[in-house]
Amino acid sequence: MAAKKKAASKKAATRKKAAAKKSAAKKSAGAASLTAQSSVREPANDVDLYGVMGVYDTPADAMHAAEKVRDAGYRRWDVHTPFPVHGMDDAMGMKPSKVGYFSFAGGATGYTVGMTMIYWMNAVDYQIVIGGKPMFSPFFAFPVSYECTILLAAFGTLLGMAFLNRLPRLHHPLLANKTFRAGATHDKFIVVIETTDPRYSETDTVDLLKSTGCKKIEFVEE
């Protein structure tokens, strides 16, 4: 009986070792296939780089990649898709737009300018007494102030949007890239990480994109 138990225990141990070897082989094969799927196009020598981009076939793959890039702590990067992808803002960790602050500042400035202008014209610079009415009242100055509020709020929104988007910019490196032009507005989903990002490292960033399962990795020249 004791000999049978020992033989059974040896067989069980042998089976466990074989199963562990199989699982390790599967993991290594999966990692190898993932690396093989991600083709990397190396940049030319002595060329300034704008960033590195990974190309994906589906919105789900791009969203998964965005979550990984976000969790890695990158700050200067973007996702380009041929159509809006619901949930991509959350996947990228984007905060509410700051354009509203510029709009509010422009509107407050317009209201103040309108009231000050009417006060200066009627109560200081050119006083005219009409029917015993006061030289200045915020009630009759409100229409002009309201129009100035709307006008400068619109200017603040436009200028704030241009400032936050770093516009005007007559040339963008992505528009000169054939892969980007062919896919970003057609059927591909592209994640671009800029070289100006504090966490950017050529090897680490490429390895990160490889781990997301992208089909193609390409460096973008300036």
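Coordinate-derived values only; no laboratory data. No experiment lies behind these values; they were computed from the predicted model shown. Positions of Cβ are backbone-derived with ideal geometry, glycine not excepted, and every protein chain shown enters the neighbour counts.
List the residues whose amide H sits under 5 Å from the amide H of Val220, counting only those 5 or more places along or on another chain, with H placed 1.01 Å from N in the peptide plane.
Correct list: Tyr50, Gly51, Val52, Met53.
Would you mind checking Lys68/Lys98; Lys95/Lys178; Lys68/Lys188 for any pair whose Cα atoms are more than 22 angstrom apart?
Lys68/Lys98; Lys95/Lys178
Would you mind estimating how fast the stretch 167-222 diffuses translationally, via Stokes-Einstein at 10 °C and 1.306 mPa s with the Kirkwood radius over Cα pairs, in µm²/s?
Translational D for this selection: 125 µm²/s.
Can you compute the label reach from Phe140? Point 7 Å from Cα along the Cβ direction, backbone N cut-off under 16 Å, restricted to the stretch 87-123.
115-123, by backbone N distance to the label point.
How large is ³J(HN,Hα), in whole Hz, for each residue of the stretch 147-160 in order, when computed from phi with the Karplus curve 6.51 cos²θ - 1.76 cosθ + 1.60 and θ = phi - 60°, using x for Gly and Pro?
5, 5, 4, 5, 4, 6, 5, 5, 5, x, 5, 5, 5, x
Starting with the highest mean, order 82-92, 125-135 by the number of other Cβ atoms within 10 Å, averaged over the residues of each peptide.
82-92, 125-135
Mind listing P(r) for the stretch 68-222? All alpha-carbon pairs, 5 Å bins, whole percents.
For the stretch 68-222, the pair-distance distribution reads 2, 8, 11, 13, 13, 10, 7, 6, 6, 5, 5, 5, 4, 3, 1, 1, 0.
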